[in-house]
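Have a look at the structure below before the remarks.
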Amino acid sequence: MTKLSIVTVNKNNLVGLKRTYESIRRHMANTDLEWIVIDGDSGKETVKFLENVENLVKWISESDNGIYDAMNKGLKLVTGDFVWFLNSGDTALNLPEIYKYLGSTDPFQIVICNWKRDLGIRRIRRSKYVWTIYHSLPTRHQAILYSVKSIGTNRYSMNFKIAGDFEFTTRIWKANKKAFIRVPLVICEFESGGTSSRSAPLLASEAWEIQRSILHLPKVVCGLSRILRMRLYWRKFEFLNIGKGLRPKKDFHRLERKVLDE
């Protein structure tokens, strides 16, 4: 049976870590599954919880250099055929059904799945076509199942603060585009409020760098992608009304004109 490694990165979120554990605990005995927790030195209560978790294969609690450093630590401990990055606070869904899509035809597969929001309307979100990776990930990072063979020696870059998952996935996609498949399965409920969901300007800047250096897109295409990303962000989070330290609308239009003139 194909073995699945779930890597959970945690930092000062014991409540969320427990929620993630409960979502996978009941399946541990019936599936070939390992759970790896990389904790960023969250304190005694988190360590106590990890020490008493049944069937937990591996865990580390120590300081790190950010989320992507922690994910790389998790990759070193993986012994499965596929790896799934499920952050603390996220909930695993339909776990037993995942296995029928793992390596069924290609051991190098990258499986793109659907996901759920933990609040608001239109909670179920379908993955996009794989070619949309030219703009952004076709689904949430937590809804991607990576073949360990496809990952190979790739690791998350420490040069990015919030777009490291986009850069990591894009490099793998460039190496083997045919390995990416979409499946009609919701596999996680995503906890809102992460860094990338609150920092669209930084995300847009880092995505630009990835689009230019890895995807080799023209500046005008990268600029249009950046404008689209920012427009969606402003609309989704009422950027102009409740954001803190964000640019006024006139500066955004100035950015639009600058990009289109380049």
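Just so you know, all these numbers are worked out from the coordinates, no wet-lab data involved. Here the structure is a predicted model, which is why all the values come from computation and not from measurement. Because the Cβ atoms are built from the backbone with ideal geometry, glycine has one as well, and the counts that use them run over all protein chains shown.
Computed over the range 130-172, relative contact order equals 37 percent, with contacts defined as Cα pairs under 8 Å that lie 6+ residues apart.
Once you sort the root eigenvalues of the Cα gyration tensor of the range 4-194 as a ≥ b ≥ c, which label holds: rounded (a/c under 1.5), prolate (a/b larger than b/c) or oblate (the other case)? Rounded is the answer for the range 4-194, as its axis ratio a/c remains below 1.5. Residues in the range 125-136 carry Karplus couplings, in order, of 10, 7, 5, 8, 4, 4, 5, 5, 4, 5, 9, 6 Hz; the curve used is 6.51 cos²θ - 1.76 cosθ + 1.60 with θ = phi - 60°, and Gly or Pro positions show x. Proximity of backbone amide H atoms, modeled 1.01 Å from N, is registered between L217 and R212 at under 5 Å, excluding neighbours fewer than 5 places apart on the same chain. Annotation for the range 126-197 versus the range 15-49: alpha-carbon center distance of 22 Å. For K128, the residues 5 or more places off, or on other chains, whose built amide H falls under 5 Å of its own are T139. Under the convention that each Lys and Arg Cβ holds +1 and each Asp and Glu Cβ holds -1, the size of the dipole of the range 4-194 around its Cα centre is about 820 debye.
Taking amide H as placed 1.01 Å from N in the peptide plane, the amide H of K58 sits under 5 Å from that of W35, V37, each at least 5 places away or on another chain.
Fewest neighbouring Cβ atoms within 10 Å first, the residues V9, V186, V78, V220 line up as V220, V186, V78, V9.
Each Cα pair under 8 Å and six or more residues apart adds its separation to the average, and for the range 72-147 the resulting relative contact order is 39 percent. Look at the alpha carbon pairs under 8 Å that are at least 6 residues apart: their mean separation over the length of the range 114-232 gives a relative contact order of 30 percent. Couplings 3J(HN,Hα) for the range 153-164, derived from phi with the Karplus relation 6.51 cos²θ - 1.76 cosθ + 1.60 (θ = phi - 60°), are 8, 5, 9, 5, 6, 8, 7, 10, 8, 9, 10, x Hz, where x marks Gly and Pro.
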